[in-house]
Amino acid sequence: MNAGAAVEPKPITLGIADVAELPAYQVREDGTDPRKVREYAEAMAQGVTFPPIVVTALGGAYVLLSGAHRLAAVRKNGGHEIKAHCVEGLSHADAVRLALASNMTHGLGLSKKDLRRCLLMFVDANAHRKGQGRVMSSRELAAGPLAGRVSYRTVLNWLEQDRPKVHAEMTSGEPGGDQAAPFDPAADANRAAVERAQTALRELRAAVPHLSDRRTRTALARELQATLAAIRKGPAGTLPDAQWMQDTGHA
C-alpha cells in the first residue's frame with residue numbers, strides 16, 4: 001500500500017497508555033516542546049477541541065504517527081483517553097511516509113534538525129525506493145517528503161554526511177545529475193533488515209528500566225536467547241556459528 005494514496009482513516013478512541021511513541025516514527029529531533037505542550041493543555045482545559053492524533057496498527061500496537069504534542073497535553077491534564085484516526089494496513093515505509101506528510105502540514109513547525117531527521121527516517125525506511133532498482137532523486141526528496149522546506153543541494157549535503165551509501169547511489173547515475181542507479185536487491189534487503197533489528201534493539205533497551213514484573217523480564221529473556229540462537233545460526237549458506245562468534249567478539 002502507498003501512503004500517498006487515499007486511505008480512509010478509522011475514527012477511534014484510545015487509552016493514553018495504549019499509544020506507542022516509537023522513535024522510528026517521531027519526526028522531532030528534540031522531542032516535544034514543553035511550552036507548546038503547556039499551551040495545548042491550557043487550551044484543552046478551556047474546552048478547545050483539537051484534531052485527532054494519527055496512529056497506525058503495527059505489531060499489535062497503536063503507533064503514533066502525528067500528534068505528540070496533543071498526546072502530551074492530554075497526559076499533562078490528567079486525561080486517560082484521546083481521539084485518534086487509525087490508518088490500517090501500512091508497511092513500515094508507508095507509515096513513515098504518512099508520519100512525515102502529517103507533520104509537514106499540521107502542528108508545530110519543523111526545525112532544520114527535524115527536517116534532517118525526517119530525511120534520514122525516509123531513506124532508512126527505504127521509502128525512497130521507486131522499484132526496479134531506482135531511487136528518488138534529491139530534487140524529488142526535497143519537493144516530496146520534505147515539502148520544499150529545503151533545497152535539493154541541502155538534501156545531497158545531508159545524505160553525503162549522514163548516509164554516504166545512499167548519496168553515492170543517488171549520484172552515480174547519468175553525468176551531471178543525481179538520477180537513481182541500480183542497486184543490489186540482496187544487499188539492500190540485508191541493510192533494511194539490519195536497520196530494523198537495530199531499531200528494535202534500541203527500543204527494547206529504552207523499555208528495560210520500565211519492566212518491573214519479573215515474569216515479564218524472564219519471558220523476554222527467553223525470547224532474546226532464542227533470537228540470539230537464530231542470529232548465530234543464520235540463514236542457509238552463512239558462516240558457521242563458531243566463525244560468527246569469533247568474528248563478532250563472542251568467542
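Conditions (1) over 16 Å from the mean Cα position of the chain (by Cα); (2) without any contact (Cβ under 8 Å) to a residue 12 or more places away in the chain; (3) over 30 Å from M136 (Cα atoms), marked per residue:
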| position | (1), (2), (3) |
| --- | --- |
| I12 | yes, no, yes |
| G15 | yes, no, yes |
| L65 | no, no, no |
| G78 | yes, yes, yes |
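Results for (1) hydroxyl-bearing (S, T, Y); (2) in contact (Cβ under 8 Å) with a residue 24 or more places away in the chain; (3) touching a helix residue (DSSP H, G or I) at 6+ places or on another chain (Cβ under 7 Å); (4) outside any helix (DSSP H, G or I), shown as yes or no for each residue.
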residue	(1), (2), (3), (4)
H69	no, yes, yes, no
A84	no, yes, no, yes
D94	no, yes, no, no
A99	no, yes, yes, no
D114	no, yes, no, no
L120	no, yes, yes, no
L141	no, no, yes, no
L146	no, yes, yes, yes
query: Among the residues of region 71-80, is any polar (S, T, N, Q) and surrounded by fewer than 16 Cβ atoms within 10 Å (Cβ to Cβ)?
result: yes
- request: Kindly list the number of the only condition in (1) within 24 Å of S111 (Cβ to Cβ); (2) at pLDDT 70 or above; (3) of a type outside the set (S, T, Y) that fails for R202.
  value: (2)
- line: How many residues of region 107-153 are aromatic (F, W, Y) and within 23 Å of I53 (Cα to Cα)? The answer is 1
message: I'd like to check something: does region 42-52 contain any residue that is in contact (Cβ under 8 Å) with a residue 12 or more places away in the chain and touching a strand residue (DSSP E or B) at 6+ places or on another chain (Cβ under 7 Å)?
response: yes
task: Provide a single number: the residues in region 44-62 that are surrounded by fewer than 21 Cβ atoms within 10 Å (Cβ to Cβ) and not in a helix (DSSP H, G or I).
output: 13
- prompt: Does N157 satisfy the criteria of being surrounded by fewer than 17 Cβ atoms within 10 Å (Cβ to Cβ) and at pLDDT 95 or above?
  reply: yes
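The values are calculated or read from the model by the stated rules, or taken from the named source; none is laboratory data. Because the structure is predicted, anything quoted here is derived from the model rather than measured. Counting neighbours? That spans all protein chains shown, and the Cβs are built from the backbone with ideal geometry, glycine included.
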